[in-house]
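What follows is calculated from the coordinates using simple rules that are stated; it is not laboratory data. In this text the structure is predicted, and so the values were computed from the model without any measurement. Quick reminder, even Gly has a Cβ in these numbers, built from the backbone with ideal geometry, and neighbours come from all protein chains shown.
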Amino acid sequence: MAATGIANSGIANTGIANTGTAAENTAAIDAAAADAGGLGAKHSAAGLLASKHRATTRSPAPRNTAQYIRWLLLFIGGVLMVMPIAYMLSTSFKYPHELYNLNLIPEEPTIENYTYVLEDGRFYQWFANSMIIATITTVSNVLFDSLVGYTLCKFRFPGQYIVFIAILSTLMIPTEMLVIPWYLMSKTFGWLDSYWGIMFPGLMTAFGTFLMKQFFETVPDDFLEAARIDGLNELQIWWTVAMPLVKPALAALAIFVFLGNWTAFIWPLIVTNDQALYTLPVGLTTFSVEQQVEWELIMTGAALATIPTLIVFLVFQRFIIRGVVMAGIKG
Amino acid sequence: MKQYRQLSIAHKQIVWAWAFLAVPVVFYVWIRFYPTANAIVLSFQDWNLLGSRSWAGFANYQKLMNDPVFWIVFKNTFVYLLLGTPISLLVSFVVAYHLDKVRFMHGFIRALYFLPFLTSTVAMAWVWRWFYQPVPIGLFNNFLASIGIAQIAFLNSTTNALPAILAPAVWAGLGFQVIIFMAGLRSIPQTFYEAARIDGVSWWTTLVEITLPLLKPTIVFLVVFSSIGFLRIFDHVFNMTTNNPGGPLNSTKPLVLMIYDTAFNGYDMGYAAAQTVVLFAVLLVVSLLQLRILRAR
């Protein structure tokens, strides 16, 4: 509902802006006519605007100084953005005595920090825990969120509206409000210190359900009807007809859920006490606290937690960015 | 099965719909609604996890209102919001606005800005914590020393610690906001810009009269989304102040950290539940206010 609301206001806006510019158009006709000569001159305001405009429509950028400066500043900003990551990686390859210099490239690179950190095997365990939990949660979300989204979108049944509103309303409840009851629940049922205990709160999300509902709107009912006439049952229609048509949305949802669970902190911190069941973020906190002032080891731990996502990002960059945009805008 | 075959298509649909929804409905009731109710009920009770639960009426809320720490925490939470949201939106808009006009190595620069969004919060909190250490360890102070500026106490100062913790939070979210802003900018029809160009309108007028109004849905989304994020800040604070969570002197403690402390260090479950109810109310009121103000304009 939030998304439709936003979309609505967008449409209303377009209308307003439309009339606005139209009015300005008529008012400014004289000015434009008077400036017609100016369009030819390279440095008139209109000329500048025109060149900027051309840049936005993917034609080759005009080679003027402003554009160079713009590019340079953006580039410098971008480099500053990745500096923390760069320094983390650089320090993880430094000996302690080199920690204090600002060089990005270590004078004597070493992998001793990595061998030391990986030696006791806890990082492998935490990595495996995070991987298992994030994967199972992602699969569960992709299945259930799309099933519920599909049902709410394509079926007509009594109680539909109530279910819709009920699931929607859970979007407003912050996780932090639920951690105490979840903790009490886990204590009662013996879910503390177990994978299930870490996973159960995130197995379905209202966000994912609405994302998928939005995308199932784009699947024509005729397709489903045709499949129904061919004798497929509803489960088969959902799985073999509707699901393949929303693959990009499923990918977007999967990326979002995986990332969210991979970096989740507060709930795994609360529900686990046994180091063997820590997820990577919780393990990293514990590890860093243990190391106290040995920053090169802390940076190595941080690098170990970060490198896998960096590799995945470098490989699937475009895909991930598109997914994030889709989830962000439609969700 | 025989009975099922006799049903009309509409009735079959009802059966299927509820069959599909059975497990999710149980999940939402059990894992979302019941705990919500439980949190609210608990906020009116007194319980330390060991003894029995007893009714406390509004005592927890009264205690909260009279708790000086709560008011410090309340203020901190809003400082995170009031600094974090405007700064991150302004910076990300400026970046997105210009990046949208750049073609050369566009994807590469975009990736540079987006990369921090994918990092683990905990890992980056520790990286920034190292940056903030005093000479001779911390990167920032070493850098300041190398250009001859006196060192700054970042995390050890009651005034600087909060902005210092906010910085990595803003940094990590920037990439997401840039990407969303760029998608919003792309969706503005070029015809408006063409009209503006023909009219010879200045770039500033174009920005204020065309780009920003048409970007309003995106702005509303990002304001609400990032505000919720800053009001719920926890990971950064917890990891950057582990020796004294929320310190120095509670100057960086946000509401979520107070909840965590009360519940899982103090085991005062009723009191913590009352704090979560306050958090819920704050989030609700802030989001609704923002939606109302931003949409009305």
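Simple point charges give the picture: +1 on the Cβ of Lys and Arg, -1 on the Cβ of Asp and Glu, and for the protein assembly as shown a dipole about the Cα centre of about 1580 debye. Under a 5 Å amide H cut-off, with hydrogens placed 1.01 Å from N, residue B:45 pairs with B:56 among residues at least 5 apart or on other chains. Think of the protein assembly as shown as a dipole: +1 on every Lys or Arg Cβ, -1 on every Asp or Glu Cβ, centred on the Cα centre; then among B:258, B:285, A:229, A:229 lies furthest on the positive end. If R0 is 35 Å, the Cβ-Cβ spacing of residue B:22 and residue B:186 corresponds to a FRET efficiency of close to 0.25. Ordered by the number of other Cβ atoms lying within 10 Å of each residue's own Cβ, fewest first, B:30, A:182, B:126, B:16 fall into the sequence B:30, B:16, A:182, B:126.
Here's the picture: charge each Lys and Arg Cβ at +1 and each Asp and Glu Cβ at -1 in chain B, and of B:164, B:225, B:236 the one pushed furthest to the positive end of that dipole is B:225.
With Cα atoms as the point set, the radius of gyration and Dmax of the stretch B:1-64 evaluate to 21.4, 63 Å. Neighbouring Cβ atoms from other chains, within 10 Å of the Cβ of residues in B:231-243, number 3 on average.
For peptide A:211-221, compute the average count of partner chain beta-carbon atoms within 10 Å of each residue's beta-carbon.
Rounded to a whole number, the mean comes out at 0.
Taking only the Cα atoms of the protein assembly as shown, the ratio Rg/Rh comes out at 0.99, with Rh defined as the Kirkwood radius. Using θ = phi - 60° in the Karplus curve 6.51 cos²θ - 1.76 cosθ + 1.60, the 3J(HN,Hα) couplings for the stretch A:265-273 round to 10, 5, 5, x, 5, 6, 7, 10, 10 Hz; x is entered for Gly and Pro. In a reduced charge model with +1 at each Lys and Arg Cβ and -1 at each Asp and Glu Cβ, chain B shows a dipole moment near 880 debye about its Cα centre.
For chain B, the membrane-span-like helix rule (DSSP H, alpha carbon extent of at least 27 Å along the helix axis, mean Kyte-Doolittle at least -1.0) picks out B:9-27, B:68-99, B:161-186, B:269-296; this says nothing about an actual membrane. Summing +1 for each Lys or Arg and -1 for each Asp or Glu among the other residues whose beta-carbon sits under 14 angstrom from that of residue B:258 gives 0. Counting other Cβ atoms within 10 Å as a rough exposure proxy, the listed residues B:259, A:69 run A:69, B:259 from fewest neighbours to most. The modelled label-to-label distance between residue A:240 and residue B:145, using points 7 Å beyond Cα along the C-beta direction, is 7.0 nm.
With the crude spin-label approximation of a point 7 Å out along Cα→Cβ, what separation in nm comes out for residue B:30 versus residue A:135? According to this spin-label approximation, the distance is 2.5 nm. Taking other Cβ atoms within 10 Å as a rough exposure proxy, A:272, B:242, B:218 sort from fewest to most as B:242, A:272, B:218. Using the Cβ-Cβ distance between residue B:156 and residue A:127 with R0 = 45 Å, the FRET efficiency computed as 1/(1 + (r/R0)^6) comes to roughly 0.85.
For residue A:94, the aspartates and glutamates whose Cα comes closer than 16 Å to its Cα, not counting residues fewer than 8 places off in the same chain, are A:107, A:108, A:112, A:294, A:296. Judged by the mean number of other Cβ atoms found within 10 Å, the most tightly packed of the peptides A:184-196, B:262-274 leads the ranking B:262-274, A:184-196.
Counting only DSSP H runs of at least 4 residues, each contributing -39500 (n - 2.57), and dividing by the residue count of the protein assembly as shown, the helix-based mean residue ellipticity at 222 nm comes to -22500 deg cm²/dmol. Computed over neighbours whose Cβ is under 15 Å from that of residue B:49, the net charge equals -1, Lys and Arg +1, Asp and Glu -1. Each of A:165, A:314, B:49 was scored by the projection of its Cα onto the charge dipole of the protein assembly as shown, and the greatest displacement toward the positive side belongs to A:165; charges sit on the C-beta of Lys, Arg, Asp and Glu. For residue B:50 and residue B:75, FRET efficiency with R0 = 30 Å and r from the beta-carbon atoms, rounded to 0.05? Calculated value: 0.35.
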